[in-house]
Amino acid sequence: NAGVTQTPKFQVLKTGQSMTLQCAQDMNHEYMSWYRQDPGMGLRLIHYSVGAGITDQGEVPNGYNVSRSTTEDFPLRLLSAAPSQTSVYFCASSRGGAIKETQYFGPGTRLLVL
Amino acid sequence: GENVEQHPSTLSVQEGDSAVIKCTYSDSASNYFPWYKQELGKRPQLIIDIRSNVGEKKDQRIAVTLNKTAKHFSLHITETQPEDSAVYFCAATFPGGGADGLTFGKGTHLIIQP
């Protein structure tokens with residue numbers, strides 16, 4: 001199993017540009033989520049999904065959209081990038097359910113918005 | 001929502017000594033508390049976790065304790081080694097039906113002095 005994969009690894013955007021960060025997992029996990037990591041701030045939850053077709057907002061959802069059309073994929077969209085969105089983005093997945101499960105993280109995407 | 005406080009932000013210990021990192025949480029409904037280790041430029045990786053029905057859990061040199069009444073939990077690393085140098089994050093479950101979203105502390109940079 002590849003686990004959780006993310007593309008691209010690095011990206012530079014100009015203010016106002018749009019892009020999609022890709023995330024995929026091959027573990028048949030129901031739960032997927034996106035976090036951003038900024039220096040001194042830990043990881044903060046952006047959006048999450050408890051299954052295909054279901055998404056919800058986390059702590060810092062503004063400026064980001066998500067969709068979950070399949071169990072495997074959970075892309076994160078920036079519609080109009082802003083310098084404040086410069087960060088490292090991690091996707092994570094877990095089996096989900098009533099009993100909390102280990103979350104597995106992808107390798108991350110470093111995004112720089114100029 | 002949940003709030004997780006983590007201390008200290010930086011911890012320097014001599015190789016072979018013990019290290020303790022402490023976290024407090026605000027939501028008494030939280031029931032899952034994982035600890036992640038993140039090496040420079042890498043993804044966070046789970047090192048140990050504890051559920052609210054358990055007071056202590058050990059795995060070789062690593063242990064976690066949970067005090068539900070006081071709403072705090074701690075990571076203990078004994079006989080520290082150079083490879084223990086990393087940033088450590090505590091986390092607690094994000095309140096919400098069926099969601100596995102985690103609220104993270106801001107991290108502790110552990111430095112092992114030779």
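The values are calculated or read from the model by the stated rules, or taken from the named source; none is laboratory data. Please read these numbers as outputs of a predicted model, since none were measured by experiment. No Cβ is skipped: glycine too gets one built from the backbone with ideal geometry, and neighbour counts run over all protein chains shown. Side chains are part of the model used for accessible areas, which takes the heavy atoms of the whole protein and leaves out ligands, DNA and RNA. Shrake-Rupley method; radii C 1.70, N 1.55, O 1.52, S 1.80 Å.
Considering protein heavy atoms only and a 1.4 Å probe radius, which residues within region A:24-58 exhibit an accessible-area decrease of no less than 50 Å² in the full assembly relative to the chain by itself?
A:L43
About its Cα centre, how strong a charge dipole does the protein assembly as shown have in debye, to the nearest 20, once Lys and Arg get +1 and Asp and Glu get -1 at the Cβ? Don't skip to the answer; put the middle values down first.
Values: 20 positive and 21 negative charges, 77 e Å.
Dipole size: approximately 360 debye.
What is the distance, in nm, between label points placed 7 Å from the Cα along the Cα-to-Cβ direction at A:M27 and at B:L46?
In this crude spin-label approximation the distance works out to 0.7 nm.
What accessible surface, in Å², does a 1.4 Å probe find on B:D49, ignoring ligands, DNA and RNA and rounding to the nearest 10?
20
If you take the charge dipole of region B:1-86 about its Cα centre, with +1 on Lys and Arg Cβ and -1 on Asp and Glu Cβ, which of B:H72, B:N31, B:S18 is farthest toward its positive end?
Farthest towards the positive pole: B:N31.
Tell me the net charge near B:G41. Cut-off is 14 Å between Cβ atoms, B:G41 excluded, with +1 for each Lys or Arg and -1 for each Asp or Glu.
Around B:G41, the charge tally is +4.
For A:L79, tell me the accessible area in Å² from a 1.4 Å probe, rounded to the nearest 10.
Its accessible surface works out to 110 Å², give or take rounding.
What lysines sit close enough to B:K42 to cross-link, taking a C-alpha to C-alpha distance under 16 Å and skipping anything fewer than 8 places away on the same chain?
A:K9
Just want to confirm a number: the relative contact order over region A:30-104, from Cα pairs under 8 angstrom separated by 6+ residues, in percent.
On the way: 143 pairs, mean separation 24.1, N = 75.
Here the relative contact order equals 32 percent.
Give, as a single signed number, the net charge of other residues whose beta carbon lies under 10 Å from the beta carbon of B:A91, with Lys and Arg counted +1 and Asp and Glu -1.
My count for the surroundings of B:A91 gives -2.
Percent of accessible area on region B:34-114 owned by carbon and sulfur, 1.4 Å probe? Could the numbers behind the result be given before it?
Numbers: 1880 of 3850 Å².
Looking at region B:34-114 in its full context, I get 49 percent from C and S.
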